[in-house]
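Asker: Input: one structure, supplied below.
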Amino acid sequence: MNRIKRIFEFELALFSIKKLIRKHNPDMVIAERTTSYGFLAALSGIKPVAIAQQGRTDLWPENSILLPFKRIIQNYAFKKADIIHAWQGNDIFDDRSERQHG
């Protein structure tokens, strides 16, 4: 049931994004995360679109059953993007660092 709800939310989000684009007529759309907002921005057809991606978090966890699907979505978003802004964050923490800072 949860997956069906997510599919409905996704379709509604795309409709909402297209409506906002028509209403505000932005010069550019900047979307963070390739497998969610970036993918939706790519589907919307707006140009130019910039996708911002930090580290490998969109393709995480690496043993996820959804990883091949996420790669397809990410590749589509990257192909449609006019600008890709990517940076590497601190993805790896030891237990002490995470307790102290997280």
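The values are calculated or read from the model by the stated rules, or taken from the named source; none is laboratory data. Remember, predicted model here, so these are calculated numbers, not experimental data. So basically every Cβ, Gly included, is an ideal-geometry build from the backbone, and we count neighbours across all protein chains shown. These accessible areas exclude ligands, DNA and RNA; they are computed on the full protein's heavy atoms, side chains included. Shrake-Rupley method; radii C 1.70, N 1.55, O 1.52, S 1.80 Å.
Asker: Restricted to the range 70-86, and to residues that are of a type in the set (A, V, I, L, M, F, W, C) and modelled with pLDDT of 90 or more, which residue is least open to solvent (accessible area, probe 1.4 Å)?
Answerer: To start, the set of residues in the range 70-86 that are of a type in the set (A, V, I, L, M, F, W, C) comprises 72-73, 77-78, 81, 83-84, 86.
If we keep only those that are modelled with pLDDT of 90 or more as well, we get 72-73, 77-78, 81, 83-84.
On the way: Ile72: 114, Ile73: 17, Ala77: 0, Phe78: 62, Ala81: 19, Ile83: 81, Ile84: 84 Å².
Step by step, filter the range 70-86, then rank; the result is Ala77.
Asker: Could you tell me which residue of the range 30-60 is nearest to Asn75 (Cα to Cα), considering only residues that are open to solvent by 100 Å² or more (accessible area, probe 1.4 Å) and aromatic (Phe, Trp, Tyr)?
Answerer: Looking at the filtered set, the residue picked out is Tyr37.
Asker: Name the pairs: first residue in the range 51-65 and more than 24 Å from Asp82 (Cα to Cα), second residue open to solvent by less than 30 Å² (accessible area, probe 1.4 Å), Cβ to Cβ under 9 Å, at least 6 apart or on different chains?
Answerer: Trp60/Leu67; Pro61/Leu67
Asker: Working only within the range 14-29, note down all residues that are in a helix (DSSP H, G or I) and open to solvent by 100 Å² or more (accessible area, probe 1.4 Å).
Answerer: Phe15, Lys19, Arg22, Lys23, His24
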